[in-house]
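> Shown below is the structure under consideration.
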Amino acid sequence: MAETRIDLAGLADVVQARAASGDRVIVALAGAPGSGKSTLADKLAGKLNGRQAGLAAVLPMDGYHYDDLHLVPAGLRPRKGAPHTFDVGGLFHTLGRMRARDEAEVAVPVFDRKIEIARAGARLIGAEVPVIVVEGNYLLLKQPPWDRLLPQFDVTVMVDVPEHVLRSRLRGRWDRLGLTESQISEKLEENDLPNGRVVRAESVAADYLIANG
C-alpha cells in the first residue's frame, strides 16, 4: 500500500477517530536520526490531549538502548544507536503489556541524552490512556528482530526528511553537546547517517508519510 501524505492536524484527526471505538490505539512514528520524530510525537500527543484531556501518551523507543556497561565491553559503543544496540525484546513485551491493558499503569524507560543513559521507570502510562504514540528510528524495520513489533501497531507513520537536512540537524545536536569537529564527523559518517539510510531502505511502507523538513 502506498504511503499517504498527511500533516500533523490530519494525523491527529485519524488517530482520534480510531480511538473513538474505545479500543487502545498504538501509533508507530518512525524516522531517521535527526528527523524530529520525538518533537512530532510530543506535538501529536499534545494536540490530542488538547482536544480531550488524557487521550494520549508517548512511549519513546530510545529508552530501550543497551547501556554502556554492555556496549563498551562488547565493542559496540561507537555504534550506539544502530539497530543492534537496542533491547528489542524489552520493547516488544512492553507493547504487549500496552495492548493487554490489564495493569493499572506500566512504567517505561526514557533516554536521557545529556548523560547517554536510559532512566528505568521514568514514565508511567495508565491503562485508561486510549492512544499510545511510540516514536523511534526502527519501529517499522522489516528485518528480525524488529519485524515482530509490526503487528502491535494500529497506525504507522514515517517522518520524511531529506538527508542534507538530517546532516545539518545532527551536526547542530552534537555541537551543542560539546563534541569536537572530528568527533562530530565520525558520529555523522560512521553512525547517524548510515542508520538513517537503514531506516529509509529497510522499513515497511507506512500508512502515512509526514514531512518535517
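> Which numbered condition in (1) exposed (fewer than 15 other Cβ atoms within 10 Å of the Cβ); (2) at negative phi; (3) modelled with pLDDT under 95 is the only one that residue 33 fails?
Looking at each condition in turn, residue 33 falls short on (1).
> Related question: Let me confirm something: among 199, 155, which residue is closer than 18 Å to residue 81 by Cβ and β-branched (Val, Ile, Thr)?
Details: 155 fails: closer than 18 Å to residue 81 by Cβ.
Of the residues listed, the single one that is closer than 18 Å to residue 81 by Cβ and β-branched (Val, Ile, Thr) is 199.
> Out of everything in the stretch 17-38 that is part of a helix (DSSP H, G or I) and touching a residue at least 60 places away in the same chain (Cβ under 8 Å), what residue ends up being nearest to residue 166 (Cα to Cα)?
That would be 37.
> If I go through the stretch 47-57 residue by residue, how many of them are exposed (fewer than 14 other Cβ atoms within 10 Å of the Cβ) and free of Cβ contacts under 8 Å to residues at least 12 places away in the same chain? Talk me through it step by step, then tell me what you get.
Going through the stretch 47-57, the residues exposed (fewer than 14 other Cβ atoms within 10 Å of the Cβ) turn out to be 50-54.
Next cut, free of Cβ contacts under 8 Å to residues at least 12 places away in the same chain only: 50, 53.
Going through the stretch 47-57 one residue at a time, the tally reaches 2.
> Ok, one more. List pairs: first residue in the stretch 67-90 and in contact (Cβ under 8 Å) with a residue 60 or more places away in the chain and over 13 Å from residue 118 (Cα atoms), second residue outside any helix (DSSP H, G or I) and among the β-branched types (Val, Ile, Thr) anywhere in the structure, Cβ distance under 8 angstrom, at least six positions apart or on different chains.
Listed pairs, sorted by first residue: none to list.
> Can you tell me which residue is nearest to residue 173 (Cα to Cα) among those in the stretch 88-114 that are surrounded by 15 or more Cβ atoms within 10 Å (Cβ to Cβ) and of a type in the set (A, V, I, L, M)?
Among those that are surrounded by 15 or more Cβ atoms within 10 Å (Cβ to Cβ) and of a type in the set (A, V, I, L, M), it is 110.
> Out of all the residues in the stretch 75-87, is one or more surrounded by 13 or more Cβ atoms within 10 Å (Cβ to Cβ), in a helix (DSSP H, G or I) and in contact with a Ser or Thr (Cβ under 7 Å, 6 or more places away or on another chain)?
Yes; the residues of the stretch 75-87 include at least one that is surrounded by 13 or more Cβ atoms within 10 Å (Cβ to Cβ), in a helix (DSSP H, G or I) and in contact with a Ser or Thr (Cβ under 7 Å, 6 or more places away or on another chain).
The values are calculated or read from the model by the stated rules, or taken from the named source; none is laboratory data. Owing to the predicted nature of the structure, the values given are computational and were not obtained by experimental measurement. Because the Cβ atoms are built from the backbone with ideal geometry, glycine has one as well, and the counts that use them run over all protein chains shown.
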